[in-house]
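A short write-up of the structure that comes next.
The values are calculated or read from the model by the stated rules, or taken from the named source; none is laboratory data. Because the structure is predicted, anything quoted here is derived from the model rather than measured. Here the Cβ positions follow ideal geometry from the backbone for every residue, glycine too, while neighbour counts run over all protein chains shown. Side chains are part of the model used for accessible areas, which takes the heavy atoms of the whole protein and leaves out ligands, DNA and RNA. Shrake-Rupley method; radii C 1.70, N 1.55, O 1.52, S 1.80 Å.
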Amino acid sequence: MDSTELVIETGRRRTTVDLTAEAASFCSGKGDGLLSVFIPHATVGVAILETGAGSDADLLDAIDRLLPADPGLWRHEHGTPGHGRDHVLPAFIGPSLTVPVVDGSLGLGRWQSIVLVDTNVDNPTRRVRLSFIPA
């Protein structure tokens, strides 16, 4: 297995970050196999999503509706008010995913991107583990 770690600055705002270019570069020339994307944080997820057409903003808005940042709703109380919802997020948008790699290229569909999803404004720096498992 070949592995690398990315450091992603998400700032202090809810955001999505497209990881597709970094993932594609990491897999380039590696042949056939699987790419594992894992984010070792308790308050962030990774998804496959269309980006650039509003879907990324739509996702963040949907998260706000499904998991409001209202501090009165969450038992988990440390951090920014409403931070408890950030700890629930990975149950809906998991911290890992797997993508097929064919001849060194990501096996994503035309409009699919690998996206880090972060609603936690308390943690501006994220680590992302990319691992290539050869066929």
TODO: Mind listing whichever residues of segment 51-71 are open to solvent by 70 Å² or more (accessible area, probe 1.4 Å) and either in contact with an Asp or Glu (Cβ under 8 Å, 6 or more places away or on another chain) or within 19 Å of residue 121 (Cβ to Cβ) (or both)?
DONE: 65, 66, 70, 71
Open item on the list: For segment 41-50: of the residues being over 16 Å from residue 88 (Cβ atoms) and open to solvent by 50 Å² or more (accessible area, probe 1.4 Å), which is farthest from the chain's Cα centre (by Cα)?
Closed with: 50
Open item on the list: For a quick check of your reading of the model, give me the residue pairs whose first member lies in segment 29-43 and is on the phi < 0 side of the Ramachandran plot, whose second is of a type in the set (S, T, N, Q) and in a strand (DSSP E or B), with beta-carbon atoms closer than 6 Å and at least 6 apart or on different chains.
Closed with: 34/98; 36/98; 36/131; 38/96
Task: Any pair with Cβ under 7 angstrom, 6 or more apart, that starts in segment 1-23 at a residue that is farther than 15 Å from residue 95 by Cβ and open to solvent by less than 30 Å² (accessible area, probe 1.4 Å) and ends at one that is charged (D, E, K, R) and assigned to a strand (DSSP E or B) - done: 15/118
Open item on the list: Any residue that is farther than 18 Å from residue 111 by Cα and among the charged types (D, E, K, R) - is there at least one of those in segment 32-47?
Closed with: yes
- [ ] Give the residues of segment 58-78 that are touching a residue at least 24 places away in the same chain (Cβ under 8 Å) and under 16 Å from the mean Cα position of the chain (by Cα), sorted by residue number.
- [x] 59, 60, 63
Open item on the list: If I ask for residues that are touching a Pro at 6+ places or on another chain (Cβ under 9 Å) and either loosely packed, with under 12 Cβ neighbours inside 10 Å or within 13 Å of residue 20 (Cα to Cα) (or both), which ones from segment 73-100 would you list?
Closed with: 77, 81
Open item on the list: Please determine whether any residue of segment 99-114 is in a helix (DSSP H, G or I), touching a residue at least 24 places away in the same chain (Cβ under 8 Å) and at negative phi.
Closed with: no
Task: Enumeration of residues in segment 116-135 that are open to solvent by less than 60 Å² (accessible area, probe 1.4 Å) and among the aliphatic types (A, V, I, L, M) - done: 116, 117, 121, 128, 130
